[in-house]
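Sharing a structure below in structure tokens format, with a few things to ask.
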Amino acid sequence: MQTKPLIQKCGHVLRDCCAQFNAVHIDNLERKWIAISMMVIALLVGIITIDAFFHGVNPPGKVETIDSASLHLGKEFAEDNLGVDVNDKGEIIIRMVAGRYSFFPKHIDVPAETPLTFRWVSMDVLHGVHIPMTNMSTMIVPGYVAEITTTFPKPGEYPLLCNEYCGLGHNHMWSNISVIAKEDWQAPVKSPAKGEQQ
Ligand SMILES: [Cu+2]
């Protein structure tokens, strides 16, 4: 592909646009508003750029990919591994699968005032998850793992809502999480997976 003629063509188009723009009479007040709008756009693009490169705020899709069609065959999101898990470092990892029209597992118990890392995947179409009172609000895109760390401020029942339209049953797609006082919560004991039993 020849890039030189393409660049020249773009240059001509840009020059034509500028000429047409200059030929149009624009009131001073309008010019000021155009300048303000451009500054707002530049500010927002700047904030997004700084967040992306310096604070690591990226769309969930950038993090990790997974084959949605074979979740049940994979290791991490196989049925036995879903729910609350405490890893070797003592971190609480919660693996959940979203599918039309529920979140699996349907119910979990977690401690309050403790960082919890949620790992979400979709088994079918685009879903979303939102938990009021927390920073949990993310898309669950098929083929990607969405990971969010959050903390529940106090014990209680928290709803878990799908906030991306996923089909006719979307408005019934919700679940709830029981948040228990930190001192009363006990890590679930996982039964050994098949094949590991002695
Ligand atoms: Cu939905």
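Every read-out reported here was derived from the displayed coordinates using simple, explicitly stated rules and does not represent laboratory data. What you see is a predicted model; the values in this text were computed from it and never measured. Because the Cβ atoms are built from the backbone with ideal geometry, glycine has one as well, and the counts that use them run over all protein chains shown.
Taking 41 Å as R0, compute the FRET efficiency from the Cβ-Cβ separation of Lys32 and Tyr165 and round it to 0.05.
Calculated value: 0.55.
Quickly work out the His12-to-Ala181 label distance, labels modelled 7 Å from Cα along the C-beta direction, and quote it in nm with one decimal.
7.8
With r defined as the distance between the Cβ atoms of Asn58 and Thr151 and R0 fixed at 22 Å, what FRET efficiency is calculated, to the nearest 0.05?
That pair, Asn58 with Thr151, gives E of 0.55.
Starting from the alpha-carbon convex hull of the range 64-180, give the projected area averaged over all orientations, in nm².
In nm², the orientation-averaged hull projection of the range 64-180 is 6.7.
Turning to a different aspect of this structure: List nothing, just return the count: lysine pairs in the chain, 8 or more apart or interchain, with Cα separation under 19 Å.
6
Treat every Asp and Glu Cβ in the range 64-180 as -1 and every Lys and Arg Cβ as +1, leave all other atoms uncharged, and give the resulting dipole magnitude about the Cα centre to the nearest 20 debye.
Using only the charged Cβ atoms, the result is roughly 240 debye.
Provide Arg119, Arg15 in ascending order of the number of other Cβ atoms located within 10 Å of each residue's Cβ, fewest first.
With the fewest neighbours first, Arg119, Arg15 line up as Arg15, Arg119.
Oh, and also: Could you give me the ³J(HN,Hα) list for the range 137-143, computed from phi with Karplus coefficients 6.51, -1.76, 1.60 and θ = phi - 60°, whole Hz, x at Gly and Pro?
3J(HN,Hα) across the range 137-143, in whole Hz: 7, 8, 7, 10, 8, x, x.
Can you tell me which of Met96, Met139, Met38 moves the most in a GNM of the chain? Springs connect C-alpha atoms under 10 Å apart.
Looking only at Met96, Met139, Met38, the largest GNM fluctuation is found for Met38.
Determine which residues of the range 117-146 fall in the zone a paramagnetic label at His172 would reach in this model, i.e. backbone nitrogen under 20 Å from the point 7 Å along Cα→Cβ.
The answer is 123-130.
Under the Karplus relation 6.51 cos²θ - 1.76 cosθ + 1.60, θ = phi - 60°, what is the ordered set of whole-Hz ³J(HN,Hα) values for the range 21-29, x standing for Gly and Pro?
Running phi through 6.51 cos²θ - 1.76 cosθ + 1.60 with θ = phi - 60° gives 5, 5, 6, 7, 7, 10, 5, 4, 4 Hz.
Compute, for the chain, the length of the dipole vector about the Cα centre, with Cβ point charges of +1 (Lys, Arg) and -1 (Asp, Glu) only. Units Debye, rounded to 20.
Computed charge dipole of the chain: roughly 780 debye.
Let me ask another. What do you get when you divide the Cα radius of gyration of the range 3-54 by 2.2 N^0.38 Å, with N the number of residues?
1.63
Let me ask you something else. Farthest toward the dipole's positive end in the range 64-180, which of Val145, Gly169, Trp120, given Cβ charges of +1 (Lys, Arg) and -1 (Asp, Glu) about the Cα centre?
Checked the options; the winner is Gly169.
May I ask for the Kirkwood hydrodynamic radius of the chain, worked out over all distinct Cα pairs and given in angstroms to one decimal?
20.7
Listing Glu157, Glu76 from the residue with the fewest other Cβ atoms within 10 Å to the one with the most, what is the order?
Glu157, Glu76
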